[in-house]
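Student: I'd like to ask some things about the structure below.
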Amino acid sequence: MNISGLELREARKKKKITQEDLAKKLGVTRQTVVGYENNEVIPETKMSLIRQVLFDTNTTTNKDPGYKGIEFYNDIDVTGGNDNLFDDARHTPTGYIYIPNFEDCDKAFPLYGDSMYPKYQAGQIILCKEFTEWRDFVPYGEVFLIVTDTLRMVKYVKKAATLENYLLVSENDFFEDFEVPKHRIRRMYLVKGAIHRNMI
């Protein structure tokens, strides 16, 4: 089902949704919505969300009728390095994105830094699933987003010299491995994949 700019505008108005509200639901700017309504090309991932929001169709394979998509936090910096970026404020999603075959992911963040290059590149959006068992078990060798009291970083997690720590390893050999005490970790997310920004 292709949607023209006029059909999009009429459906949005019929649902009494502002351009700003639609932009938030799609994880884009209001100007992007204006472009869609002026017949600019709509990426298929956005088209799927538009169909759900404006035409009450669920094109996802997720069986939950309340599924909105993956929470996208465009305003939270996640680093592929070990820069101090943590902000303890509670965040709300900037919007929601739908990426086929990643319906099990619950959060998406923009990635900065080069420590995970070439596996993940600065500017990509990482797709994550919260991993709550990290205190008792971690599948070593997997890539995680680790949130500590002062850092948000994407690294391989490996067995450390002591049981109280995890060894964090970069893909890029120019970055040194380091250990982080488990008690400093607040949350961990398994990184399931990444997309380029132009895919959303």
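Student: Look at Phe86 and say whether it is at pLDDT below 90, closer than 27 Å to Ala23 by Cα, surrounded by fewer than 20 Cβ atoms within 10 Å (Cβ to Cβ) and over 12 Å from the mean Cα position of the chain (by Cα).
Tutor: Yes, satisfied.
This table checks each residue for (1) out of contact with any strand residue (DSSP E or B) (no Cβ under 9 Å at 6 or more places or on another chain); (2) modelled with pLDDT under 70.
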position	(1), (2)
Glu44	yes, no
Ile50	yes, no
Thr59	yes, yes
Tyr73	no, no
Gly95	no, no
Pro100	yes, no
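Student: Give the residue that is surrounded by the most Cβ atoms within 10 Å (Cβ to Cβ), with candidates limited to residues of the stretch 110-147 that are of a type outside the set (Lys, Arg) and touching a Cys at 6+ places or on another chain (Cβ under 7 Å).
Tutor: Looking at the filtered set, the residue picked out is Cys128.
Student: Among what's in the stretch 33-49 and is outside any loop (DSSP other than H, G, I, E, B) and either surrounded by 17 or more Cβ atoms within 10 Å (Cβ to Cβ) or at positive phi (or both), pick the residue that is farthest from the chain's Cα centre (by Cα).
Tutor: At the first step, the residues of the stretch 33-49 found to be outside any loop (DSSP other than H, G, I, E, B) are 33-37, 44-49.
Within this subset, residues satisfying the condition of being either surrounded by 17 or more Cβ atoms within 10 Å (Cβ to Cβ) or at positive phi (or both) are 33, 36-37, 45-49.
Numbers: Val33: 20, Tyr36: 23, Glu37: 26, Thr45: 14, Lys46: 15, Met47: 18, Ser48: 17, Leu49: 15 Å.
Filtering first and then ranking leaves Glu37.
Student: Being within 15 Å of Val78 (Cβ to Cβ), in a loop (DSSP other than H, G, I, E, B) and of a type in the set (Asp, Glu) is true for just one of Asp114, Asp104. Which residue is that?
Tutor: Asp114
Student: Could you check how many residues of the stretch 6-16 are of a type outside the set (D, E, K, R) and closer than 14 Å to Arg51 by Cα?
Tutor: The number of residues fulfilling the criteria is 2.
Student: Any idea which residue in the stretch 61-71 is surrounded by the most Cβ atoms within 10 Å (Cβ to Cβ), counting only those that are more than 20 Å from Gln121 (Cβ to Cβ) and modelled with pLDDT of 80 or more?
Tutor: Among residues in the stretch 61-71 that are more than 20 Å from Gln121 (Cβ to Cβ) and modelled with pLDDT of 80 or more, the one surrounded by the most Cβ atoms within 10 Å (Cβ to Cβ) is Gly69.
Student: Among the residues of the stretch 175-200, count how many are out of contact with any strand residue (DSSP E or B) (no Cβ under 9 Å at 6 or more places or on another chain) and free of Cβ contacts under 8 Å to residues at least 40 places away in the same chain.
Tutor: Matching residues across the stretch 175-200 total 2.
Student: Leu163 - would you say it is without any contact (Cβ under 8 Å) to a residue 40 or more places away in the chain and part of a loop (DSSP other than H, G, I, E, B)?
Tutor: yes
Student: Report yes if some residue within the stretch 150-170 is under 29 Å from Gly27 (Cα atoms) and acidic (Asp, Glu); otherwise report no.
Tutor: There is no residue in the stretch 150-170 that is under 29 Å from Gly27 (Cα atoms) and acidic (Asp, Glu).
The values are calculated or read from the model by the stated rules, or taken from the named source; none is laboratory data. Being a predicted model, the structure only gives us computed values, none of them experimental. Heads up, the Cβs are rebuilt from the backbone with ideal geometry, glycines too, and the neighbour counts pull from every protein chain shown.
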